[in-house]
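Enquirer: If you scroll down you'll find the structure; I have some questions about it.
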């Protein structure tokens, strides 16, 4: 076995994943696993002194994916290896040794170095993004941020253009994609437990853009063309598409902007194309209501939604990050592109030289990056923060970075 990985790691628990071997190389099903871990690198000599997992998962057929949590001591590094035995009692050799590392708080780690990598989305310890591979085709990649080096895994292999992935851990991912021939954008869905794991969700003659997951496999997206845009919502449990707006046609007076979603709630802006009326902000969680006045007026945009609360950008000079807790609005500071999680906000802001990443924990602001290149598009989840940056300077390739934040 060569693909054992530590995909998430904190002070008490590591999660490992691997591809199940067989009882005869890559055929059949092994009889039993033995999983050992230590705070130092594991070798064949040191294997007997490793701490052994007392209860290992039952092997599944060769080629299937397996995972298990491990309760670990409070150390910054953990090393894990695995052996299998067949029904005749023949033990395998030692697998590759997986290494997990807990980064020091606020240490900035560069996750990618090859190609162009952008649009990071962080959820439940996994970051998903779009990577431009050989021949300038886009693919969806994922990495668990517990492993040393956090080895990226390529999830797609169909080329074309891709953008705007939205993820729920590694279990569910949606994104927009189109072929190399310039076809209209469609929505694609990846499910970890499905075969095949990804498929086209839409197939029509208009643009389907900005998909965003809303819990339990539900998601919202923008549907339309340059002449009209509506907001659609997919209810996975009911296997039903719901149109949240139906006001663009036939007059084309209104356009509905990029939605954000979380826990069965969707928020978006409606724009008046004629310029004769205010732009309005709407929230839907079964019924639709206008929350423009709750947010302070029609200058709110670029939302991030979490459990009914909103972070957003307020149009000003410079632009300002605002936070609405469902009752009152609070001004956080200058910046844009907010990412909200559990009352904390990450955002990008101009430091007088270039764009840097900042973090507000509900009380004070911490500057996360301080370098000579632009850092953009932060994505916050728990005590992890990911973003894209251009270490080679303006016009250079984007790469993915992340850091560990204090527990909140």
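Enquirer: Per residue, what volume in Å³ does the Cα convex hull of the chain take up?
Expert: Hull volume over Cα atoms, normalised by residue count, gives 165 Å³.
Enquirer: If R₀ is 60 angstrom, what is the calculated FRET efficiency for the pair residue 264 and residue 45, using the beta carbon separation as r and rounding to 0.05?
Expert: It comes out at approximately 0.65.
Enquirer: Okay, next question. Would you mind checking the radius of gyration and Dmax of the stretch 5-101 based on alpha-carbon positions, in Å?
Expert: 13.0, 38
Enquirer: Distance between Cα centroids, the stretch 252-312 to the stretch 175-246: provide it in whole Å.
Expert: 19 Å
Enquirer: Between 293, 23, 342, where does the largest GNM mean-square fluctuation fall for the chain, given springs only between Cα atoms within less than 10 Å?
Expert: In the Gaussian network model the winner is 293.
Enquirer: Consider a paramagnetic label point 7 Å from the Cα of residue 367 along Cα→Cβ; state which residues of the stretch 71-111 have an amide N under 18 Å from it.
Expert: Answer for this model: 106-109.
Enquirer: Here is a further query. How many nm separate the modelled label positions at residue 203 and residue 407, each set 7 Å beyond the Cα in the direction of the Cβ?
Expert: With each label placed 7 Å out from Cα toward Cβ, I get 4.9 nm.
Enquirer: Still on this model: Report the extension gain between residue 85 and residue 3 in nm, rounded to one decimal, defined as 0.36 nm multiplied by the number of residues separating them, less their alpha carbon distance.
Expert: Numbers: separation 82, 0.36 × 82 = 29.52 nm, distance 1.77 nm.
Value of the extension gain: 27.8 nm.
Enquirer: Which value in Å does the Kirkwood hydrodynamic radius of the stretch 161-229 take, with 1/r averaged over all unlike C-alpha pairs and then inverted?
Expert: Result for the stretch 161-229, one decimal place: 12.3 Å.
Enquirer: Among 260, 154, 55, determine the one that fluctuates most according to a GNM of the chain built with springs between C-alpha atoms less than 10 Å apart.
Expert: 55
Enquirer: So if the hydrodynamic radius of the stretch 216-311 is defined as the Kirkwood radius over C-alpha pairs, what does Stokes-Einstein give as its diffusion coefficient at 20 °C and 1.002 mPa s, in µm² per second?
Expert: Answer, rounded: 156 µm²/s.
Enquirer: A further question on this structure: Hey, rough spin-label estimate for residue 67 and residue 316, points 7 angstrom out along Cα→Cβ, what's it come to in nanometres?
Expert: A separation of 4.1 nm, rounded to one decimal place.
Enquirer: Could you list 121, 56 so that the one with the fewest beta carbons within 10 Å of its beta carbon is first and the one with the most is last? Please list the in-between numbers first.
Expert: On the way: 121 25, 56 15.
Ranking 121, 56 by Cβ neighbours within 10 Å, fewest first, gives 56, 121.
Enquirer: Right, next: In nm, what is the difference between 0.36 nm times the number of residues separating residue 239 and residue 350 and their Cα-Cα distance?
Expert: 35.6 nm
Enquirer: From Cα pairs below 8 angstrom and at least 6 apart in sequence, can you work out the relative contact order of the stretch 259-408, rounded to a whole percent? Let's see the in-between values first.
Expert: On the way: 346 pairs, mean separation 17.3, N = 150.
Across the stretch 259-408, relative contact order equals 12 percent.
Enquirer: From the P(r) of the stretch 339-408, can you give the percent of Cα pairs sitting at distances over 16 Å?
Expert: 42 percent
Enquirer: Can I ask one more? Connecting C-alpha atoms closer than 10 Å in a GNM of the chain, tell me which of 58, 128, 13 has the biggest fluctuation.
Expert: The residue with the greatest mean-square fluctuation here is 58.
Enquirer: State the extension gain, in nm to one decimal, for the chain segment bounded by residue 157 and residue 52, taking 0.36 nm per residue of separation less the distance between their alpha-carbons.
Expert: Between residue 157 and residue 52, full extension yields 34.1 nm more.
Enquirer: Just the Kirkwood number for the stretch 47-120, please: inverse of mean 1/r across all distinct Cα pairs, in Å, one decimal.
Expert: Evaluated over the stretch 47-120, this radius sits at 16.1 Å.
Enquirer: Distance between Cα centroids, the stretch 94-117 to the stretch 313-358: provide it in whole Å.
Expert: Computed from Cα coordinates, the inter-centre distance equals 28 Å.
Enquirer: If I model a spin label as a point 7 Å beyond the Cα along the Cα-Cβ vector, how far apart are those points for residue 272 and residue 27 in nm?
Expert: In this crude spin-label approximation the distance works out to 7.3 nm.
Enquirer: Here is a further query. For the stretch 102-223, what value does the Rg/Rh ratio take when both radii are computed over Cα atoms and Rh is the Kirkwood radius, given to two decimals?
Expert: For the stretch 102-223, the value is 0.97.
Since every read-out is calculated from the coordinates, none of them should be taken as a lab result. In this text, all values refer to a predicted model and were calculated from it rather than measured experimentally. Note: ideal-geometry Cβ built from the backbone for every residue, glycine included; neighbour counts use all protein chains shown.
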